[in-house]
Amino acid sequence: MENHDIARALTELADLLEIQGASPFRVRAYRNAAAAVESLARPVRDMVEAGEDLTAIPGIGESVATQIRALLATGTLPRLEEVTREIPRSLATLTQLEGVGPKKAKVLYESLGVATIDDLERALAAGKVEDLPGFGKRTAERIAHAIEVYRRHSGRFLIHEAEAVAEHVAAYLREAEGVGRVEIAGSLRRRKETIGDVDIVTEFDGDGTPVVEHFVRYPDAQDVEAAGSTKGTITMPSGLQVDLRVVPPHSFGAALQYFTGSKEHSVALRIRAVRMGLRLNEWGVFRTPEDEAMEEDPEESGWEPEAREAAWGPRVAGEREEGVYEALGLVWIPPVLRENRGEIEAAEEGRLPELVRLEDIRGDLQMHSTWSDGKASIEEMARACLERGYAYMAITDHSQAMAMVGGLTPERAREQWREVEEVQERLPDIRIFRSAEVDILKDGALDLPDDVLEELDLVVVSVHSYFDLDRDAMTRRILRAVRHPAVDILAHPTGRLLNRRDPFDFDVEEVLHACAEEGVAVELNANPHRLDFSDVHVHRARELGVPVVISTDAHKPSGLDNMRFGVDQARRGWLTAADVLNTRSLEDFQTWMAARGAERRRVFLREGGAA
Ligand code: DGT
Ligand code: CA
Ligand code: CA
Ligand code: ZN
């Protein structure tokens, strides 16, 4: 049981307690504990095993600690058992729908007996939901849409969730007797934004049964779906499946290539192989005999490995993945590019991009502090950025439209700048930009007056409301914002929340053209719940010469570590360090800012202020 699983259980309990009407104090205790566990670097499991006191973790009191210890010992929270004797556990799934919180779930359950998403769908169809107090037609429509989104995505996992599981299973496999190389393959190795299942390839010389048997004994496995001599599949409590392949050393590279995919990439490689008189499969690359006229596929016909490979002809590669690509006349292609989007041609012509790396990142340009909805002070965030080796950062608290999270009014913004200055004096080794994440209002106007915007070093803008405007209105809204002379960066441009909220509808191409004209940068938000812009969008931004910034949108110091997910997605979009603005040195970044500042002032003078 990982920290993430513990946090998930505590959150579920908090949701159910809130639906049940428990004291807000108790509910908050479990929520705080979930957040504390989630952001902890050390596994809670290890702390318990070492007999350490969990109440030493800030945010965890004695009673929650008791619950967590029981969870680790028995697999369930005793308090959750009690609560689910009174209300159905499925109510917690309702709160996974965008727009349905515990309060709405409670009303749905108490007035209509709705306990599951299916129940809710039926109640919606019968028109019962819109008549409930506090709901109405619009809310009912939103919930119906949220169900649609939920159903469309259910079954795919966010990358950080799948990664945590995969790394633990891979470490566990390395403990098995006689196991050689162990690699994560599939979409996770390609760093796709969501993961269907985890694929792991393991090297073993001989019959693989003992390795598969070790695998299916993985302590956190909930179910064993399959177990044989070369493969096995287990399911985790979250529903995530893990597929294992056990392959001999001389096939390991070919198997890793095959199971990394994508299917489209591999199909294109196979066609290339055939044209070269080769055969590529998960066992290796084979030179097809001259008199090749094989009627049946030895693999399909269940031949023994030796006979099969003899029929395929002499093996020319397979032990190492690099060798597989070499045999096909290609340099090794990074997994993030393997989507058959031109990478094979680029590899052939020696023009694969030199992809941006995490080490190239010099600063983080979106994060929040306790001045709005962040959990840490400006100084704590700045020190955390220093620890990560950054040369600069921007504090981007929300603007006033986000009243529920303490968004900054012009007055509070000015007060905040004083604190930024104080921290800057204490920490001269990192440049802290005075910034804000300014809301783009419904009509495209910005949520802070021009005189405040003018005094910011960096203006980040984003949409947080009226997501359901029609395409034209949304496009005009965003265009107006990026055309504002004060704006530097368009943050989380599509507003999507993976598995929860679809991107809002607007003309991305037109907005990118406007950004190119205005010299405005677009953000790739590195939070694994967003990863917004997508790989395809940042690729297009690159083509149009729109600079990209990769920012974490951190709300606490540990959130800064999401940067790597953003970098991976940028790599999937073929970005090099030169395409990413926050790989620049402080000096070069300030040159970019100064150029934009001059442009901004020129427009202001010419037009006597912004529209
Ligand atoms: P996912 O799990 O939906 O996020 O995506 P993948 O890419 O991990 O897909 P998965 O788990 O079904 O299969 C893993 C890899 O195995 C896939 O990327 C390529 C390979 N593979 C699976 N089925 C086929 C197939 O029918 N043909 C070929 N050439 N490769 C396949
Ligand atoms: Ca997979
Ligand atoms: Ca799979
Ligand atoms: Zn935001």
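The values are calculated or read from the model by the stated rules, or taken from the named source; none is laboratory data. If you're wondering where the values come from, they're calculated on a predicted model, not measured in any experiment. No Cβ is skipped: glycine too gets one built from the backbone with ideal geometry, and neighbour counts run over all protein chains shown.
For this structure, a couple of remarks:
- Test: residue in the stretch 129-139 that is out of contact with any Ser or Thr (no Cβ under 8 Å at 6 or more places or on another chain), free of Cβ contacts under 8 Å to residues at least 12 places away in the same chain and either of a type in the set (Val, Ile, Thr) or not assigned by TED's automatic domain parsing to the domain that holds THR84 (or both): no
- A count restricted to the stretch 163-192 and to residues that are within 29 Å of HIS537 (Cβ to Cβ) and either touching a Lys or Arg at 6+ places or on another chain (Cβ under 8 Å) or among the small types (Gly, Ala, Ser) (or both) stands at 8.
- Looking across the stretch 221-242, the residues that are more than 21 Å from the chain's Cα centre (by Cα), surrounded by 15 or more Cβ atoms within 10 Å (Cβ to Cβ) and of a type outside the set (Val, Ile, Thr) come down to ALA221, ALA227, LYS231, GLY232.
- Qualifying residue in the stretch 145-155 (condition: within 16 Å of ligand 1 (Cβ to nearest atom), touching a Ser or Thr at 6+ places or on another chain (Cβ under 7 Å) and either of a type in the set (Ser, Thr, Tyr) or not in a loop (DSSP other than H, G, I, E, B) (or both)): no
- Residue satisfying condition, being surrounded by fewer than 23 Cβ atoms within 10 Å (Cβ to Cβ), over 20 Å from ASP588 (Cα atoms) and either touching a Ser or Thr at 6+ places or on another chain (Cβ under 6 Å) or at pLDDT 95 or above (or both), within set GLU359, GLU380: GLU380
- Qualifying residue in the stretch 162-169 (condition: within 16 Å of ligand 1 (Cβ to nearest atom), over 26 Å from LEU355 (Cα atoms) and among the hydrophobic types (A, V, I, L, M, F, W, C)): yes
- Per-region count, the stretch 343-376, residues among the hydroxyl-bearing types (Ser, Thr, Tyr) and free of Cβ contacts under 8 Å to residues at least 12 places away in the same chain: 1
- Qualifying positions in the stretch 149-193 - among the small types (Gly, Ala, Ser), within 16 Å of ligand 3 (Cβ to nearest atom) and over 19 Å from the mean Cα position of the chain (by Cα): ALA170
- Of the residues making up the stretch 103-135, just one is of a type in the set (Ser, Thr, Tyr) and surrounded by 17 or more Cβ atoms within 10 Å (Cβ to Cβ), namely TYR109.
- Annotation: of all residues in the stretch 235-246 being more than 13 Å from ligand 1 (Cβ to nearest atom) and free of Cβ contacts under 8 Å to residues at least 60 places away in the same chain, the one that is farthest from ASN3 (Cα to Cα) is VAL246.
- Selection within the stretch 341-356 - within 26 Å of MET563 (Cα to Cα) and either assigned by TED's automatic domain parsing to the domain that holds TRP574 or modelled with pLDDT of 95 or more (or both): GLU343, LEU352, PRO353, GLU354, LEU355, VAL356
- Qualifying residue in the stretch 38-46 (condition: of a type outside the set (Gly, Ala, Ser), part of a helix (DSSP H, G or I), without any contact (Cβ under 8 Å) to a residue 12 or more places away in the chain and within 30 Å of ALA146 (Cα to Cα)): no
- Taken over the stretch 271-283, the criterion of being farther than 14 Å from GLY318 by Cα and in a helix (DSSP H, G or I) is satisfied by ILE271, ARG272, VAL274, ARG275.
- Of the residues ALA70, ALA29, ALA36, the single one that is in the same structural domain as GLU110 (by TED's automatic domain parsing), surrounded by 13 or more Cβ atoms within 10 Å (Cβ to Cβ) and under 25 Å from LYS106 (Cβ atoms) is ALA29.
- Scanning the stretch 244-254 finds one or more residues that are within 16 Å of ligand 2 (Cβ to nearest atom), modelled with pLDDT of 95 or more and not hydroxyl-bearing (Ser, Thr, Tyr).
- Answer residue from the stretch 437-476, given it is assigned to a helix (DSSP H, G or I) and among the β-branched types (Val, Ile, Thr) and is farthest from VAL405 (Cα to Cα) among those: THR475
- Enumeration of residues in the stretch 182-199 that are more than 8 Å from ligand 2 (Cβ to nearest atom) and not aliphatic (A, V, I, L, M): GLU183, ARG189, ARG190, ARG191, LYS192, GLU193, THR194
- Residue within the stretch 201-215 that is within 12 Å of ligand 2 (Cβ to nearest atom) and outside the structural domain of ARG530 (by TED's automatic domain parsing) present: yes
- One residue stands out in the stretch 170-208 among those that are surrounded by 15 or more Cβ atoms within 10 Å (Cβ to Cβ) and free of Cβ contacts under 8 Å to residues at least 24 places away in the same chain: the one that is farthest from ligand 4 (Cβ to nearest atom), namely VAL182.
- Within the stretch 377-424, the set of residues being in a loop (DSSP other than H, G, I, E, B) and out of contact with any helix residue (DSSP H, G or I) (no Cβ under 9 Å at 6 or more places or on another chain) comprises THR396, ALA401, MET402, GLY407, THR409.
- Restricted to the stretch 479-597, the set of helices (runs of 4 or more DSSP H) holding at least 2 residues that are at pLDDT 95 or above, touching a Ser or Thr at 6+ places or on another chain (Cβ under 8 Å) and not assigned by TED's automatic domain parsing to the domain that holds GLU38 comprises 508-518, 563-572.
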